[in-house]
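K.L.:
Here's a structure for you.
The values are calculated or read from the model by the stated rules, or taken from the named source; none is laboratory data. Keep in mind that what you see is a predicted model, and the values were worked out from it rather than measured. Cβ placement follows ideal geometry from the backbone for every residue including glycine, while neighbour counts extend to all protein chains displayed.
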2 protein chains.
Amino acid sequence: MDLVDELRKGSVRALAKLITLVENEQEGALTAMESIYPYTGNSYIIGITGPPGAGKSTLTDKITKELRRQNHTVGIIAVDPTSPFSGGALLGDRVRMQGVSNDEGVFIRSMATRGTLGGLSRATADTAKILDAFGKDFVIIETVGVGQDEVDIIRTADVSILVVIPGSGDDIQAIKAGIMEIGDIFVVNKADREGADKLVTEIRVMLDLSSNTREWSPPIVKTVATEDEGVDTVVEKISEHREYLIKTGTLASKRKERIRSEFTKIVEHEIFRHFDSLIKKNTDLFDKRIEDIADKKEDPYRLAKEAVQIIAKQISCNAE
Amino acid sequence: MDLVDELRKGSVRALAKLITLVENEQEGALTAMESIYPYTGNSYIIGITGPPGAGKSTLTDKITKELRRQNHTVGIIAVDPTSPFSGGALLGDRVRMQGVSNDEGVFIRSMATRGTLGGLSRATADTAKILDAFGKDFVIIETVGVGQDEVDIIRTADVSILVVIPGSGDDIQAIKAGIMEIGDIFVVNKADREGADKLVTEIRVMLDLSSNTREWSPPIVKTVATEDEGVDTVVEKISEHREYLIKTGTLASKRKERIRSEFTKIVEHEIFRHFDSLIKKNTDLFDKRIEDIADKKEDPYRLAKEAVQIIAKQISCNAE
């Protein structure tokens, strides 16, 4: 495949094109991903999440700079959730990442659309793989943790960084136990604000209560990302965590978990595609069915079973 | 079906049991929904959404009281999103709805879990139907609009109320155009705060810019829900909007749109169920496949195609 060859040769144009292909669920996306897959597995994936306004973009920018200083190449996927009430505007995020956006060793991509068939996490996972095959040493996935989809994304990263800030009302009580468990490293950003030490203590207490089964004790790092304070410590902790994962064999099992989740999503997405194309080929029949349900001549549950049968038959018959 | 008979006879126990059935995706949920379907279509569905802290629960409580004063029965579905950073605690919400929770004419249910197969919006839609068949005149679905799922839920209501508050930082610029379009009625709650009139003007300007194709010009109502101020006007506007929908035939087309979206979700969910049970029946094979992908002996995209074929065959063979 031409585009994948170009990608492997370092073409940024091919990189961007391939990402667009998977993002828009265009024809050929699956085939492209098939040829890309063998070249993946070399990038280290960093997930950064936290509530709106926690300074995730600035932190991403500064972590990237630190990684660049160490001569690593970086790909950034900024997931813009579909939240209609998102605090941070997309444009603002990009402005906050200006520090690295002119660096050739850094590639930044926003994921805003879900496509027609859903699947933000699938598109993000595929994009991470494309950046991986392109040769990026690190892929940072930055997302505001507002929905299950976003949490799923972070859960599959090699290391998950949870960013919180003092005195935001988003105090630690509001952070549910579930999210505490996905954090490998906690960052108390804007730590020059009042209440930073109190927040650190609160996180420590919650961690002690919840994670006694974990061998890795998540460090809590205070940062002022805008002033570059503490960012080097975050990068240090990422390295320490990585060594821990490798030493204990956890990295392999973590990645197997990621594969399991991604594989399931690919299968679901493939079935959706069949369903979608079936509807598009039979618009009239589909509309008629909707009319029947609306008129109570049919119930949607019985028809759904029928539709599933039709889809199954369709898939079987189209098999080579 | 026993439980559905009991539901129709007014058993609250059967009501609660049926909701649990669909929420937990238990065996028999689909069959129960089939027998419920003919009794649906009589409830009027009110969707209430807005950012965390906008006072949605209090407003829901007060609107319910007003509807009760008019002798209508009400079912409330409080969707608690899976957001790990949700501002309002679930317990707090229930406290804010205390005003109606002891009223026999009101049934309140929280939807917090997504179940193993996803589908918060499917569970919510099914619960609304159960409340409908139970005989509730109104079903209020209250949700914080954080994700696509939640927006989908509101989009399928007969009337969508968008609640915002002055000076929250969630000013109108932060509310994306998409969400503006789903609002049939805008409520500026906590209107005793500074900036309420300015917010009303801003919403009006945005509406004028965006919705010139709509015949219905969304009213903007100022409320102080905690003081019961303006709530009667909101209920009045709900009635006016309902008359408009009936008069113009929009109610029927809106409901058809809802059926279309629900039907699609039921089909997808059914396919997921097949996939899920297939995995559970073949854990060893599935694990082996994951190993092969991890070892790069196989790629997940090719295997996904294969899995889709297996699922399709499985579904076809299990057909009666």
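K.L.:
Pick out the one residue from A:I279, A:I311, A:I271 that is surrounded by fewer than 18 Cβ atoms within 10 Å (Cβ to Cβ), at pLDDT below 85 and not assigned by TED's automatic domain parsing to the domain that holds A:K129.
P.N.:
Only one candidate qualifies: A:I279.
K.L.:
Suppose we filter the stretch A:33-61 for residues that are out of contact with any strand residue (DSSP E or B) (no Cβ under 8 Å at 6 or more places or on another chain) and aromatic (F, W, Y); how many remain?
P.N.:
Of the residues in the stretch A:33-61, the ones out of contact with any strand residue (DSSP E or B) (no Cβ under 8 Å at 6 or more places or on another chain) are A:33-42, A:53, A:58, A:61.
Then keep just the ones that are aromatic (F, W, Y); that gives A:37, A:39.
Of the residues in the stretch A:33-61, 2 are out of contact with any strand residue (DSSP E or B) (no Cβ under 8 Å at 6 or more places or on another chain) and aromatic (F, W, Y).
K.L.:
Let me ask another. Of all residues being crowded, with 18+ Cβ neighbours inside 10 Å and on the phi > 0 side of the Ramachandran plot in the stretch A:24-54, which is nearest to the other protein chains (Cβ to nearest Cβ)? Just the residue, please.
P.N.:
Ranking the candidates gives A:G50 first.
K.L.:
Ok, one more. Go through (1) assigned by TED's automatic domain parsing to the domain that holds A:P166; (2) in a helix (DSSP H, G or I); (3) modelled with pLDDT of 90 or more and name the single condition A:P218 misses.
P.N.:
Exception for A:P218: condition (2).
K.L.:
Just to be sure, is A:E25 outside any helix (DSSP H, G or I) and over 29 Å from A:I185 (Cα atoms)? Show your work before the answer.
P.N.:
Values: outside any helix (DSSP H, G or I): yes; over 29 Å from A:I185 (Cα atoms): yes.
In short, yes.
K.L.:
Please find, among A:E262, A:E291, A:E240, the residue that is more than 7 Å from every other protein chain (Cβ to nearest Cβ) and either touching a helix residue (DSSP H, G or I) at 6+ places or on another chain (Cβ under 9 Å) or in a loop (DSSP other than H, G, I, E, B) (or both).
P.N.:
A:E291 is the lone residue from the list that is more than 7 Å from every other protein chain (Cβ to nearest Cβ) and either touching a helix residue (DSSP H, G or I) at 6+ places or on another chain (Cβ under 9 Å) or in a loop (DSSP other than H, G, I, E, B) (or both).
K.L.:
Are any of the residues in the stretch B:274-281 among the basic types (K, R) and in a loop (DSSP other than H, G, I, E, B)? Walk me through how you get there before you give the answer.
P.N.:
Restricting attention to the stretch B:274-281, the residues satisfying the condition of being among the basic types (K, R) are B:280-281.
Those still in the list that are in a loop (DSSP other than H, G, I, E, B) too: none.
No, the stretch B:274-281 contains no residue that is among the basic types (K, R) and in a loop (DSSP other than H, G, I, E, B).
K.L.:
Further, regarding this structure: For the stretch B:226-243, which residues satisfy the criterion of being at pLDDT 95 or above and in contact with a Ser or Thr (Cβ under 7 Å, 6 or more places away or on another chain)?
P.N.:
B:E229, B:G230, B:V231, B:V234
K.L.:
Among the residues of the stretch B:183-201, how many are buried (at least 19 other Cβ atoms within 10 Å of the Cβ) and acidic (D, E)?
P.N.:
Residues meeting the conditions: 1.
K.L.:
When you scan the stretch A:233-250, do you find a residue that is closer than 30 Å to B:F272 by Cα and either surrounded by fewer than 18 Cβ atoms within 10 Å (Cβ to Cβ) or over 24 Å from the mean Cα position of the chain (by Cα) (or both), even just one?
P.N.:
Keep residues of the stretch A:233-250 that are closer than 30 Å to B:F272 by Cα, which gives A:250.
Applying the additional criterion that residues be either surrounded by fewer than 18 Cβ atoms within 10 Å (Cβ to Cβ) or over 24 Å from the mean Cα position of the chain (by Cα) (or both) yields A:250.
Yes, the stretch A:233-250 has at least one match.
For every residue, the table says whether it meets (1) at pLDDT 90 or above; (2) more than 24 Å from B:D152 (Cα to Cα); (3) assigned to a strand (DSSP E or B); (4) of a type in the set (A, V, I, L, M).
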residue	(1), (2), (3), (4)
A:T31	no, yes, no, no
A:I45	yes, yes, yes, yes
A:T64	yes, yes, no, no
A:N71	yes, yes, no, no
A:P84	no, no, no, no
A:G87	no, no, no, no
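K.L.:
Quick test of your reading of the structure: A:L117 fulfils all but one of (1) at pLDDT below 75; (2) in contact with a strand residue (DSSP E or B) (Cβ under 9 Å, 6 or more places away or on another chain). Name the failing condition by number.
P.N.:
The number of the failed condition is (2).
K.L.:
Moving on to the next point. What residue, among those in the stretch B:127-144 that are part of a strand (DSSP E or B) and of a type in the set (V, I, T), is modelled with the lowest pLDDT?
P.N.:
Taking the stretch B:127-144 as the starting set, the residues that turn out to be part of a strand (DSSP E or B) are B:138-144.
Within this subset, residues satisfying the condition of being of a type in the set (V, I, T) are B:139-141, B:143-144.
Working: B:V139: 97, B:I140: 96, B:I141: 93, B:T143: 84, B:V144: 71.
Among them, the one singled out is B:V144.
K.L.:
Here is a check on your reading of the model: is A:K256 more than 29 Å from A:G55 (Cα to Cα), at the interface with chain B (Cβ under 9 Å from one of its Cβ atoms) and in a loop (DSSP other than H, G, I, E, B)? Spell out the reasoning first.
P.N.:
Details: more than 29 Å from A:G55 (Cα to Cα): yes; at the interface with chain B (Cβ under 9 Å from one of its Cβ atoms): yes; in a loop (DSSP other than H, G, I, E, B): no.
No; evaluated as a whole, the condition is false for this residue.
K.L.:
Quick one: which of A:L209, A:L285 is loosely packed, with under 15 Cβ neighbours inside 10 Å and away from chain B (no Cβ under 14 Å)? Even if it seems obvious, please write down each step before you answer.
P.N.:
Numbers: A:L285 fails: away from chain B (no Cβ under 14 Å).
Residue meeting the stated conditions: A:L209.
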